[in-house]
1. Could you work out the local net charge near Asp108, counting Lys and Arg as +1, Asp and Glu as -1, over the other residues with Cβ closer than 15 Å to its Cβ?
2. If the limit is 22 Å between Cα atoms, which of Lys40/Lys231; Lys70/Lys231; Lys195/Lys229; Lys137/Lys229; Lys70/Lys225; Lys40/Lys225 go over it?
3. Pull up all non-local amide H partners of Asn199: gap of 5 or more, or a different chain, and H-to-H distance under 5 Å with H placed in the peptide plane.
4. Can you check how the C-alpha radius of gyration of segment 120-302 compares to 2.2 N^0.38 Å, as a plain ratio?
5. Could you sort the peptides 272-281, 166-175, 118-127, 239-248 by per-residue average Cβ neighbour count (10 Å cutoff), highest mean leading?
6. I need the phi-derived Karplus couplings for segment 55-60: 6.51 cos²θ - 1.76 cosθ + 1.60, θ = phi - 60°, integer Hz, Gly and Pro marked x.
7. Just rank Asp182, Asp54, fewest to most, by other beta-carbon atoms within 10 angstrom.
Amino acid sequence: MARRSQSSSQGDNPLDPNYLPPHYKEYYRLALDVLTEEGKESYQRFLADEAAPDFLCNSEVDHIIQNLQKPQYANQEGSTDTAGDNDMDGSSGTYWPMNSDLAVPELDLGWPMVFGFRGTEVTTLVQPPPPDNPSIKEEARRMIRAAQQVVAIVMDIFTDVDLLFEVLDAAARRVPVYILLDEMNSQLFLDTAAKCRVNLNYVEFLRVRTVSGPTYYCRTGMSFKGHVKEKFLLVDCMVVLSGNYSFMWSFEKIHRSIAHIFQGELVASFDEEFRILFAQSEPLVPPANVLAKAENAFAMTPFGSNMPFFPKKAPLMFQRDDNLFPSFMDRIDPDRYFLSNFRRDDMLRHTVEGSAMRMYKKVEMENAQMDPVRGFLRSKQLELDAF
């Protein structure tokens, strides 16, 4: 007997114009049981005997066989009672997989609450982008850089090192980052972090967990899981980037894809979906041999500060000499030492490029009018500080 979730009927009245006949077919279930118990040849023989079409493609058959799991009671030595201690109502603590005594994981880094959405704004992006239009990856990087409260990512495969850098930079700015990966492809993310020498255990404002697709149970107790094909980026619970774009180098260069940017009321549905997936997730624990190797001079280093992800090249110009004007050091504003630490290539330069720098330049112009010689020397110093 098919469950309502396995049927496509939109109503119980066959005379209803919106009624759809159920798409459940019994031979689907029987064929899958034969495939999981006896293999491909018996599966093809069963379909031929039933004169039924093959409803699985080769990749689906391979996925089922490769990810098939035996029932848990079969792995327990000396277990003779497979049904367990059943109550009078037929329920069992080991039979019903949806009932769990484990606590739901918490969003311990914080989660913003947003109210008052009005309308929905949708922007469509395609890859490769048309001329003079941003790419999907550029929009994803821009959204992560603009995050102030939270960054939430649900992705099937995450191997793009550039987007990994943006995520780690957001965590270094103390912005909570939550990443949910497909359970079967999570090792690819660990491999990418290992290649970049990033120790995920040292990133304070980053949480990486795994989610699997629904589980299909056969009559013998064997089961197999599916993949997580959801792909979206949620920033500050205000804007969402969703589509068929995976965080991989190939999706930027050789694959065609489409994505949409949602703003407004529709963002609330992605907010709810992420929290549901997070409640169903499992922690991603890197293996011990991936964290660090003492004998390797290039062992992975923690990424918990504002240091650049990739080492910068040596500067082409001469280093600035702070003692260039030693006779005027006593006449220079002490704030100079704070502002001179930020260069054009510094990651935090944008934080002082706004009102602080404008106010600083305004004071310099006023001082230049009062003391031309001092103003000329200070303007030369500012030119040197710009490099």
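Where a number appears in this text, it was derived from the coordinates with a stated rule and is not lab data. Please read these numbers as outputs of a predicted model, since none were measured by experiment. A quick note on method: Cβ atoms are made from the backbone with ideal geometry, for glycine too, and the neighbour counts reach across all protein chains shown.
1. +2
2. Listed pairs above 22 Å: Lys40/Lys231; Lys70/Lys231; Lys195/Lys229.
3. Under 5 Å from the amide H of Asn199: Thr301, Phe303.
4. Its radius of gyration relative to the 2.2 N^0.38 Å reference: 1.07.
5. 239-248, 166-175, 272-281, 118-127
6. 9, 10, 7, 4, 5, 5
7. Least crowded to most crowded, the residues run Asp54, Asp182.
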